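See structure below.
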Amino acid sequence: MLGLSERVIAHQVKTSSKPKKFNVRTLMLGSNALLASLVAVWQKLKSKENLPVEVQYVCDDVPADDDNIDKSSFGPSSSAFLRTLEANRSSRSLEEWRGSTYGPFISELISASGLEPEKFIEFLSSVRFLDSGQGRRNDAWGQTPLDRRRVADISALLPRLIADEGDKDRWTLEELFSRLNWSDPFSPHHGHTFPTDALVQANRKTQDKLQLALAATDCGYLSLVGPPGCGKSTLLQTGLLPTPQAVVIRYLAFMPNEGHQLGRAEAFDLLHDLVAQLKRTGLGHTLVPTFLGT
């Protein structure tokens, strides 16, 4: 289970070295009882979390395109149903599902789920099927040896987390990094606080002009220009503060008494540290989990 700041995503994974076709009706209502399992997970998370819940079934097997999902001989195929579900799961109403060619199958699912019809549609809108290996990351997408090693590290850690003593079922990113012996990929490579002397006196006149200029600008660039040593960096450190409309992201390519070799002056370090600081402000939060649960 991944906890993002705007939703919780639970996964049920079935891998196969030799993928086969499957009938979605048999999968959901047969001996595997996938429907009951997904409903139970969804209900449990709904009762514990205040965020929207998404349940994903991930498999290598392929939905059949030459079968039918209801009891007739001419019903739609598993593949057709899952395509329709993915395209309409968040927008189709109960009446629309019942009035579609999938109506008989939806009625079966509602009956087997134990949920009220409207509640079942809420559940159905939260379910995603990542079949045919969609959940796998293919090496052709640029997976590096480091990526593969990290995937192996996570795969080895998960069983240990589950087997750990105690009733813990949630780990923050910081806890996972510690267990994996990884450094936080979103920590800046460099410090960006310009050193100032305790005896420095504020330049109120220039500070006020700077704040007025920033308040009057909604895009583009502003430049603070002056000769070396006149106090530009000190002014920006002491006089440039966040506002309700803006955050302050700092990057110092030069620091006093610091060697100027590869590092601060490199484009990669600039990009990394800017992204790290932007993430701390809440930007990009949908891309990075805030916790892992089992």
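The values are calculated or read from the model by the stated rules, or taken from the named source; none is laboratory data. Being a predicted model, the structure only gives us computed values, none of them experimental. Neighbour counts run over all protein chains shown; Cβ positions are idealised from the backbone, glycine included. Note: accessible area is taken over every heavy atom of the protein model, side chains too, but ligands, DNA and RNA are not part of it. Shrake-Rupley method; radii C 1.70, N 1.55, O 1.52, S 1.80 Å.
Structure notes:
- Taken residue by residue, the stretch 80-90 has at least one member that is of a type in the set (Gly, Ala, Ser) and part of a loop (DSSP other than H, G, I, E, B).
- Qualifying residue in the stretch 133-140 (condition: open to solvent by 60 Å² or more (accessible area, probe 1.4 Å), within 30 Å of residue 258 (Cβ to Cβ) and under 19 Å from the mean Cα position of the chain (by Cα)): no
- Filter result for residue 177 (modelled with pLDDT under 85 and surrounded by 12 or more Cβ atoms within 10 Å (Cβ to Cβ)): no
- Inter-residue pairs, beta-carbon under 9 Å, first more than 19 Å from residue 117 (Cα to Cα) and in the stretch 79-95, second of a type in the set (A, V, I, L, M, F, W, C) and open to solvent by 40 Å² or more (accessible area, probe 1.4 Å), 6+ apart: 79/62
- Look at (1) over 30 Å from residue 252 (Cβ atoms); (2) assigned to a helix (DSSP H, G or I); (3) among the hydroxyl-bearing types (Ser, Thr, Tyr) and you find that residue 132 fails only one, number (2).
- Residue in the stretch 232-239 that is assigned to a loop (DSSP other than H, G, I, E, B) and not small (Gly, Ala, Ser) present: no
- Top-ranked residue of the stretch 257-294 - restricted to ones that are over 29 Å from residue 3 (Cα atoms) and surrounded by fewer than 10 Cβ atoms within 10 Å (Cβ to Cβ), ranked as modelled with the highest pLDDT: 267
- Boolean, residue 212 is open to solvent by 80 Å² or more (accessible area, probe 1.4 Å) and either in contact with a helix residue (DSSP H, G or I) (Cβ under 6 Å, 6 or more places away or on another chain) or assigned to a helix (DSSP H, G or I) (or both): yes
- Subset of the stretch 60-76 (residues that are open to solvent by less than 80 Å² (accessible area, probe 1.4 Å), without any contact (Cβ under 8 Å) to a residue 60 or more places away in the chain and under 32 Å from the mean Cα position of the chain (by Cα)): 64
- Within the stretch 180-209, the residues that satisfy the criterion of being open to solvent by 60 Å² or more (accessible area, probe 1.4 Å) and polar (S, T, N, Q) are 181, 183, 193, 196, 201, 203.
- Restricting the first member to the stretch 21-41 and to residues that are of a type in the set (Lys, Arg), and the second to residues that are open to solvent by 40 Å² or more (accessible area, probe 1.4 Å), the beta-carbon pairs closer than 9 Å and six or more apart or on different chains are 21/62; 21/65; 21/66; 25/68; 25/71; 25/108.
- The set of residues in the stretch 169-222 being under 26 Å from residue 280 (Cα atoms) and among the hydroxyl-bearing types (Ser, Thr, Tyr) consists of 172, 178, 183, 187, 193, 196, 217, 221.
- Among the residues of the stretch 38-59, the ones that are open to solvent by 40 Å² or more (accessible area, probe 1.4 Å) and not in a loop (DSSP other than H, G, I, E, B) come to 7 in all.
- If you filter the stretch 1-26 down to residues that are closer than 18 Å to residue 133 by Cβ and loosely packed, with under 13 Cβ neighbours inside 10 Å, you find that the one that is modelled with the highest pLDDT is 20.
- Out of 226, 220, sole residue that is surrounded by 10 or more Cβ atoms within 10 Å (Cβ to Cβ), assigned to a loop (DSSP other than H, G, I, E, B), free of Cβ contacts under 8 Å to residues at least 12 places away in the same chain and not β-branched (Val, Ile, Thr): 226
- Subset of the stretch 237-252 that is open to solvent by 60 Å² or more (accessible area, probe 1.4 Å) and hydrophobic (A, V, I, L, M, F, W, C) - its residue that is modelled with the lowest pLDDT: 241
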